Amino acid sequence: MTPIVDGTVPHFVLAPLVRGLCINAVNMPRTVVSGTAVPGEDGAKTQVPGTALAINISSAFVKNSDGQLFFNEESAAKTLSEAYAAWEFEMFPSGAEAARFTGSVKKQPSCIALTGENGLLGLYWIDRDLDSALKRRKENDSSFIEEIVPPAQDTDITPRGLSSRNRGDVVKNRIAVVTGGAQGFGEQIVLGLASSGALVFIADLNLEGAEKLAARINTAGGRTAAIAVALDVTGEESSEALYKTIAETAGGLDLCVSNAGVLKAGSVMEQELASFKFTTEVNYVGYFITVKHAGRLLKLQHLTSPAWKTDIVQINSKSGLEGSNKNGAYAGSKFGGIGLTASFALELIEYNVKVNSICPGNFFDGPLWSDPEKGLFVQYLGAGKVAGAKTIADVKAYYEGKVPMKRGCEGPDVMKAIYYLVEQEYETGQAVPVTGGQVMLH
């Protein structure tokens, strides 16, 4: 339950409930933006659009034995679901459920007004994507959303789920966040998700880099496909603020890619304790903090969309499957991350949240390896990790030679694994290698 201050419920609590409600109606992604009521003619009162769905959730406000007021999200979800079902039947008595089974057009409200004992708690504008929802809010357009709903079961000879489709479509119009998304694999993942039609929050300590990437994506695509947000994955307040921002900006979340990570190579006999702790704090503790706050948001959304599956994907490493010579801090944190993934998966499946890890091979062309000052090629050359290597090119050739496919892992390789995990509804708690054959599971 959420404590109530000044009689208001935060938008980051209400918006995911509204988003889940709308997703549940058509089993399709929705974007929800919060807004204030339109001033009435007298300038003093507020006005709710006539075609908005107004729902009173006063029953969700409860007091404890000390008289402190709380908002009960479970009670609110029940009230919202019942009110929506009643609205559907009243508006479309012969077609509300029929659309689910015939693939016909179904109408949805594009504006939901939540009210309490003291009046309006908030207006929530709904549409397929962020730009459309913002446009509705700006123009006070509460006309119905019309959607052709896929039939509940296939009518052709191919059973549902066996026919192939464009895998990238599984993230179209979905809301995603990528931690450490301003560079490296994170940048590749952001570009892939945005090009596949998702709205991506680029969460990074390097806010300037995230902002530049978001601007480049939005300009090239002609739509709001990326939003930059500052994030320190080791700071709990920073992560909490990120997911509040996501909920208040777009209503909720479908995919969290926990990608932020660091690497400090060094022999166990020589590495400074500070370097070991730093690597563990970012890669292991940071993953825990990310899932903690992403999970809370996804749980809220699940209350009104119990059948909607969402995903948390950790970008791990092949080092999390086999260890790494003179790189124990990194490999240890990644081994630990796989343990967290398996544990989180067991807990969060109750809320239809799948949790999996992807273990990529080496991204040789990314800054982690190729940065001329801090990259691993430079570090490994200096540490003498590759016997006989005299140049960075020697180190790179050595590592490429260890891969059966004779190349490093690249962005598209990881993206295909992400699409697979999102599309595959019957898998959770796994660590999927994407290593060109370098690591094989048995």
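Starting from residues that are β-branched (Val, Ile, Thr) and assigned to a loop (DSSP other than H, G, I, E, B), keep the ones in the stretch 417-439 and report whichever is farthest from the chain's Cα centre (by Cα).
Narrowing the stretch 417-439 to residues β-branched (Val, Ile, Thr): 418, 422, 428, 432, 434-435, 439.
Add one more test, that the residue is assigned to a loop (DSSP other than H, G, I, E, B), and what stays is 428, 435, 439.
Numbers: THR428: 16, THR435: 24, VAL439: 28 Å.
Ranking the qualifying residues of the stretch 417-439, first place goes to VAL439.
Which is within 22 Å of VAL403 (Cβ to Cβ), of a type in the set (Val, Ile, Thr), in the same structural domain as GLU423 (by TED's automatic domain parsing) and out of contact with any Gly (no Cβ under 7 Å at 6 or more places or on another chain), of ILE349, ILE358, ILE338, ILE312?
None of the others qualify; the one that does is ILE358.
Among the residues of the stretch 348-404, just one is in contact (Cβ under 8 Å) with a residue 60 or more places away in the chain, of a type in the set (Ser, Thr, Tyr) and assigned to a helix (DSSP H, G or I), namely TYR380.
ASN283 fulfils the conditions (1) touching a Phe, Trp or Tyr at 6+ places or on another chain (Cβ under 8 Å); (2) closer than 30 Å to SER110 by Cβ; (3) free of Cβ contacts under 8 Å to residues at least 60 places away in the same chain except for a single criterion, (2).
Residues that are modelled with pLDDT under 95 and among the β-branched types (Val, Ile, Thr): does the stretch 379-387 have at least one? The answer is yes, given that some residue of the stretch 379-387 is modelled with pLDDT under 95 and among the β-branched types (Val, Ile, Thr). Against the numbered list (1) of a type in the set (A, V, I, L, M, F, W, C); (2) surrounded by fewer than 17 Cβ atoms within 10 Å (Cβ to Cβ); (3) in contact with a strand residue (DSSP E or B) (Cβ under 9 Å, 6 or more places away or on another chain); (4) modelled with pLDDT under 95, ALA215 comes up short only at (4).
Per the listing ILE315, ILE349, the residue uniquely β-branched (Val, Ile, Thr) and crowded, with 24+ Cβ neighbours inside 10 Å is ILE315.
Determine whether ALA220 is modelled with pLDDT of 95 or more and out of contact with any Ser or Thr (no Cβ under 7 Å at 6 or more places or on another chain). So ALA220 passes the test.
The values are calculated or read from the model by the stated rules, or taken from the named source; none is laboratory data. Treat the numbers as computed from the prediction; the structure is a model and nothing was measured. No Cβ is skipped: glycine too gets one built from the backbone with ideal geometry, and neighbour counts run over all protein chains shown.
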